[in-house]
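Here is the structure we will look at.
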Amino acid sequence: MAIIRCNKCAHLQEQADSEIGLMLACPQCGNPTQVYPTLFFVTRLLEKYFTAQREVIRLTTEAAAGVATAAVPAASAMPPAEVDLSNSDRMTSCEQHQPIADWFRQRQIAVEIAAQAVDTSGFFDEVAALIGRDLLLLDQVLDRIRWAQQKGYASTVIPFDGKSPSDVRRLTSFCQQLYEYSFVAKTIPNKQKNHLLLVVQTAPAIRHFFNGEWLEWFALMTCIERATELGKQFSCARNLGLTFADGAQFEVDVFLLLDSELPILIECKSGEYRQDIEKYVRLRKRLGLSGSNVILCVAGLEDEIAKGLTAMYDLSFVSERGLLQHLERLF
């Protein structure tokens, strides 16, 4: 049997082997949760056990030798050069998230961290980068896939009418990459009708991705690639749950803590966003952050509108195109 374990509520349950690799809604809280082979789950558990055991032995040895407790290094942010950022589960570790947990704890804020939400060993980050770099053209592909998934249709058509040969090549290449990464089940070109047929996937993780999660992945990778480029240490997280002392709750799409002291909070919107502006103004004030550090990244937002909204509210509005430029000014 396979195993599903929710990172949000810690619910543990056996699943059929046929569901291995799928993202399912947690039976207890509904949080998207991956199904793992039992052997994988047990192996990871044993790795953590033996790591903890080695640490106990090291600390015991040092204590016996008279080494002061203060000499034991505290949890720190991840050295950027330590991992291949686009293909690693190392960022899911407790050590990587600990500076973020400490930052919120110092402000008397309870935080729930979805550790697996920064596991880049899948292909979500790669596809998100493709979309973010060419959204103006590729947005129609996202819209048609979302529409087919919402309607329960097995397939959708990407028309090429009115497209330049260059655009057709880019659309075809992108759809082929969706197929290679299993984001669609099939790609079937039809030269006579001048379109491309896509057979859609129905796995929850794929649906969430096309429903807007791609922008979270794009924002996350843009942040940590910028930090790596500058040789900065960082801690990063997606899908944080915050609970303040008075019971107020917020969700945060992307959070980056640079050198354990510079916090960057990013909310990602691929649809309507205006109704949420006041909520993020309140969150910024409660966290005591400047408007430059709280970013609303809105897919496809026009530059002039982003500039105007930034002037109206003490928040930073950017599109996927303007995110990197804002980060370059910020750090």
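The values are calculated or read from the model by the stated rules, or taken from the named source; none is laboratory data. Just so you know, these numbers come straight off a predicted model, no measurement behind them. All Cβ positions, glycine included, derive from the backbone under ideal geometry; neighbour counts span all protein chains shown.
Pairs meeting the criteria (first residue in region 183-205 and at positive phi, second residue surrounded by 13 or more Cβ atoms within 10 Å (Cβ to Cβ) and not in a strand (DSSP E or B), beta carbons under 9 Å, at least 6 apart or on different chains) are ASN194/PHE160; ASN194/LYS163; ASN194/VAL168.
Within region 185-210, track down each residue that is among the polar types (S, T, N, Q) and in contact with a helix residue (DSSP H, G or I) (Cβ under 6 Å, 6 or more places away or on another chain). Spell out how you get there, then give the answer.
Initial filter on region 185-210 (among the polar types (S, T, N, Q)): 187, 190, 192, 194, 201-202.
Hit for region 185-210 is THR187, nothing else.
In the set (1) at pLDDT 85 or above; (2) over 24 Å from PHE209 (Cα atoms), the condition left unmet by ALA65 is number (1). In region 182-206, the qualifying residues are those that are surrounded by 15 or more Cβ atoms within 10 Å (Cβ to Cβ) and in a loop (DSSP other than H, G, I, E, B), and the one that is farthest from the chain's Cα centre (by Cα) is GLN201.
In region 137-152, the residues that are free of Cβ contacts under 8 Å to residues at least 40 places away in the same chain and more than 16 Å from HIS208 (Cβ to Cβ) form Cβ pairs under 9 Å with partners that are part of a helix (DSSP H, G or I) and not hydrophobic (A, V, I, L, M, F, W, C), at six or more places apart or across chains, as follows: LEU137/ASP167; LEU137/ARG170; LEU138/ARG170.
Among the residues of region 279-289, is any within 25 Å of GLN96 (Cα to Cα), among the aromatic types (Phe, Trp, Tyr) and at pLDDT 95 or above?
Scanning region 279-289 turns up no residue that is within 25 Å of GLN96 (Cα to Cα), among the aromatic types (Phe, Trp, Tyr) and at pLDDT 95 or above.
Taken over region 234-254, the criterion of being buried (at least 17 other Cβ atoms within 10 Å of the Cβ) and over 17 Å from LYS285 (Cβ atoms) is satisfied by PHE234, SER235, CYS236, ALA237, ARG238, ASN239, LEU240, ASP253, VAL254. Among the residues that make up region 127-135, is at least one of them touching a strand residue (DSSP E or B) at 6+ places or on another chain (Cβ under 8 Å) and surrounded by 14 or more Cβ atoms within 10 Å (Cβ to Cβ)? The answer is no, given that none of the residues of region 127-135 is touching a strand residue (DSSP E or B) at 6+ places or on another chain (Cβ under 8 Å) and surrounded by 14 or more Cβ atoms within 10 Å (Cβ to Cβ). The residue pairs whose first member lies in region 227-256 and is in the same structural domain as CYS268 (by TED's automatic domain parsing), whose second member is of a type in the set (Ser, Thr, Tyr), and whose beta carbons are closer than 6 Å, counting only pairs six or more residues apart or on different chains, are GLN249/THR243. Scoring PHE174 on the criteria (1) assigned to a helix (DSSP H, G or I); (2) under 23 Å from GLN96 (Cβ atoms); (3) among the hydrophobic types (A, V, I, L, M, F, W, C) leaves a single failure, condition (2).
For every residue, the table says whether it meets (1) out of contact with any Ser or Thr (no Cβ under 7 Å at 6 or more places or on another chain); (2) closer than 29 Å to ARG238 by Cβ; (3) of a type in the set (D, E, K, R).
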position	(1), (2), (3)
PHE123	yes, yes, no
ALA128	yes, yes, no
LEU138	yes, yes, no
LEU142	yes, yes, no
LYS151	yes, yes, yes
SER155	yes, no, no
SER166	yes, no, no
ARG169	yes, no, yes
